[in-house]
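Trainee: Structure provided below as structure tokens; questions to follow.
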Amino acid sequence: MKNRLSRRLKSVTKAAARYPAAALFLAICTALTIARIAGARIADVYLYQLACAAGSAAGYAAQSAAERFSLKGRWAFSALAVLVAAVFYAWARSWPEVMAVRLVVLASLLFVAAVWLPSVKSHFPFYEIFTASFKAVFQAAFFSGVLFAGCAAVVAAVDALITPVDADVFAYLASVVFIFIMPMLYLSLIPLIPAARRAIADGLPAGAEDEGSDVPDLTEAESNLPGAGEGAEGDLAGAESGGAATSIAGEVEAISEYERRVAAPPFLRALVSFILVPIAFAFTLILVLYILKGIAGPFWEDNLLEPLLITYCASVTVLLLLAAGMESAYARAARLVLPKALLAVAAFQIVASAVKAQSAGLTHGRYFVLAFGVFAVVTGAVLSIRPRKWTGLVAAAFLLIALVSLIPPTDALSTAVRSQTHLLESALAEEGMLRDGAVVPSVSVSGKNKEKIVSSLEYLFRLGRQERLSWLPRDFDVYSDRSFQRVFGFSRYESPDLGHKHTRVAYPLNELADVSRYDAWAVFEVTTPSADIGALAHIAPDGSAVLRLRHSDGVAVIELLSGKADTVLASFDVDAVFERFEKSADYNLIPLEEARFTTEGDGGRLLVVAETVERYDTDGGEIRYARLHVFAGWS
């Protein structure tokens, strides 16, 4: 294991030479992460890190393109990777609320492109290169985990036995190992296809052998073996044959290395054939039965399959690509059955999601569900016809759909914002609340339109696109019930259709309170109604007094007791807190003056500050909760 890990670490330097742009961006991202851990203040550092992640993925794809089409233009492809990182940074700054979503889509697109490009117009099928990449992911993760565990154990030993070590050292190690070394280990395991390797050795453009170049193949080289001629011609032939023999040895080595990297090991073959394929069959059967059970009604309006579609689609697609090169009976059964099942399940789900989008509008999450549904349909159709030869079309379909979902105006986020804006304004217009470019409050809004208005507004605020609503007041706070009622006339938290109401007030602890007259402090959480439980006590540091929360007969009381005589010096009935805010509209931030309660007794005094007070009215009755800061003083 030690020698194998050492070889893997040495291969990182070779991977850095092969993928210079990816290595550069990963190194910068690691340095920025370490700087953040160390407390350095760098403006837009998070955006820089995301841009580096995009640049590293682009560097991977750029090198794959260079190896497949033109090694002479390698640096031009690397320059494109730098351009991708710069454009992504500018793009992220223009709409920071959604930059993480865009990065996931862009990185997925570039990663799939990097795996797919070596198979374009090549004799090497996509599923083979995909298998090599799949293996590389897990191998890199395993070796990185071992490396981090070993380094962390050494640091822990130094900390325990020799000298204290700053806890941030573990974060530094994790940054180096998992941000830089693990991706580079992955890249070091990506096979260099024999065509590209031969082109590197001969100084020819990659892919020349597919375009009728003079690069000899194995059969042609064998005809130039020593002894092909006699005399001077024989000597010349012998010299030429020596070079040919060297070429043959290099090519055989390249092919052997490629075949080793793309071959599925016995463990993976057993995992796919005897575990993953049967699980996929069982899961597919469950989904089909669920669709058949609800096809006449609830499936189209309230289905549970939508959250599982992306996982199912991705899992089955990966499984089919892994099984494409296997000859077991289970693998053949998977290639025969799963593509057709995938096509049927995805087709039904596309219709169901489209029906749901008609009533609830389109969000970027549902957009991706629909996009993956289309991808699954294409995958199922393609692999039903040619489960091996057309695997490259699966990657091409993914790239096309990802590109459409990324580039405006058809991208997922822009489309979702337009859909939710239209849904919101349609609901307001239906209730007669949108007149002459202004909102007219109304208390008689239907429950269905209330739900649309609240959900659409929350979505637009979450994505930072509320400025599109020119009729919305600038000081509107979507999370303040008071602000919501002022603009729309109804509570954003009241759901009469569900038979419950939630009220919540909070003091944000941003005002200073004078506690100079108090000697002890405790925090109590009160929930009523509750069964009588033992008192929760807090003893003053000097032991002279005790603060306790006592429940009795459904009533919660806070008491200050003398530490010696156990007599009550002061008490406070928590019901006073709930009564003060019983008619408050949720959600409200309250000032200190409203949040504080005081009481004095014979020899003691209490100051109670309500940080949070909540009330839930349900069919089962009322539930109340309060988080209270209690200060106590005594003579």
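The values are calculated or read from the model by the stated rules, or taken from the named source; none is laboratory data. Just so it is clear, the model here is predicted, and its values are computed rather than measured. These accessible areas exclude ligands, DNA and RNA; they are computed on the full protein's heavy atoms, side chains included. Shrake-Rupley method; radii C 1.70, N 1.55, O 1.52, S 1.80 Å.
Trainee: Ordering 258, 625 from largest to smallest accessible area (1.4 angstrom probe), what's the sequence?
Mentor: If we order 258, 625 from most to least accessible, we get 625, 258.
Trainee: Can you give the alpha-carbon Rg of the range 9-64 over 2.2 N^0.38 Å, where N counts its residues?
Mentor: Compactness ratio reported: 1.23.
Trainee: Still on this model: Which log10 I(q)/I(0) values does the range 339-464 give at q = 0.11 Å⁻¹ under the Debye formula, counting every alpha carbon as one identical point scatterer?
Mentor: Values returned for q = 0.11 Å⁻¹ are -0.51.
Trainee: Now, a different point. Please compute the per residue accessible area over the range 386-450 with all protein chains in place, 1.4 Å probe, rounded to a whole number of Å².
Mentor: That works out to 49 Å² for each residue.
Trainee: Suppose accessible area is computed on protein heavy atoms with a 1.4 Å probe; arrange 260, 596 from highest to lowest.
Mentor: Ranked list, largest accessible area first: 260, 596.
Trainee: Under 5 Å between amide hydrogens, which residues at least 5 positions from residue 70 or on another chain qualify, with H placed 1.01 Å from N in the peptide plane?
Mentor: Here the answer is 206, since their amide H atoms fall under 5 Å of that of residue 70.
Trainee: I would also like to ask the following. Would you work out the Kirkwood radius for the range 253-396? I mean one over the mean of 1/r across all pairs of different Cα atoms, in Å.
Mentor: After inverting the pairwise mean of 1/r, the radius is 16.2 Å.
Trainee: Please list, in order along the range 394-399, the HN-Hα scalar couplings obtained from phi with the Karplus expression 6.51 cos²θ - 1.76 cosθ + 1.60 (θ = phi - 60°), rounded to whole Hz, x for Gly and Pro.
Mentor: Computed from phi, the couplings for the range 394-399 are 5, 5, 4, 5, 4, 4 Hz.
Trainee: Stretch residue 516-residue 161 to full length: gain in nm at 0.36 nm per residue minus the Cα-Cα span? Don't skip to the end; give the middle numbers.
Mentor: Values: separation 355, 0.36 × 355 = 127.80 nm, distance 4.58 nm.
Gain on extension, residue 516 to residue 161, equals 123.2 nm.
Trainee: Quick check: residue separation of residue 404 and residue 149 times 0.36 nm, minus the Cα distance between them. What number comes out in nm? Provide the component values of the computation, followed by the final result.
Mentor: Values: separation 255, 0.36 × 255 = 91.80 nm, distance 4.15 nm.
Length difference between fully extended and current span is 87.6 nm.
Trainee: Working from the alpha-carbon coordinates of the range 349-413, get Rg over Rh, Rh being the Kirkwood radius.
Mentor: 1.05
Trainee: If you count only protein heavy atoms and use a 1.4 Å probe, how large is the accessible surface of residue 142, to the nearest 10 Å²?
Mentor: The value for residue 142 is about 110 Å².
Trainee: Take the Cα coordinates of the range 71-203, assign each an equal point scatterer, and use the Debye formula without solvent to give log10 I(q)/I(0) at q = 0.11, 0.12, 0.23 Å⁻¹.
Mentor: Cα-only, vacuum Debye calculation for the range 71-203: -0.62, -0.72, -1.34.
Trainee: For residue 162, tell me the accessible area in Å² from a 1.4 Å probe, rounded to the nearest 10.
Mentor: 130
Trainee: Still on this model: On alpha-carbon atoms, Rg over Rh for the range 1-154 using Kirkwood Rh?
Mentor: On the way: Rg = 17.0 Å, Rh = 17.0 Å.
In the range 1-154, Rg relative to Rh is 1.00.
Trainee: Let me ask something additional. Please compare each pair in 340/389; 72/389; 293/450 to a cut-off of 20 Å on the Cα-Cα distance and tell me which ones are over it. Mind showing how you got there, number by number?
Mentor: On the way: 340/389 17 Å; 72/389 30 Å; 293/450 32 Å.
Flagged as over cut-off: 72/389; 293/450.
Trainee: Apply the a/c threshold of 1.5 to the C-alpha gyration tensor of the range 87-132 and tell me whether it is rounded, prolate or oblate.
Mentor: Prolate shape, in that a/c is at least 1.5 and a/b is the bigger ratio.
Trainee: What ranking of 577, 158, 82 comes out by heavy-atom accessible area, probe 1.4 Å, highest first? Could the numbers behind the result be given before it?
Mentor: Numbers: 577 0, 158 50, 82 75 Å².
Heavy-atom accessible area, descending, gives 82, 158, 577.
Trainee: Another one. Report the full-extension gain for the segment residue 38 to residue 623: residue separation times 0.36 nm, less the Cα-Cα distance, to one decimal in nm.
Mentor: 206.1 nm
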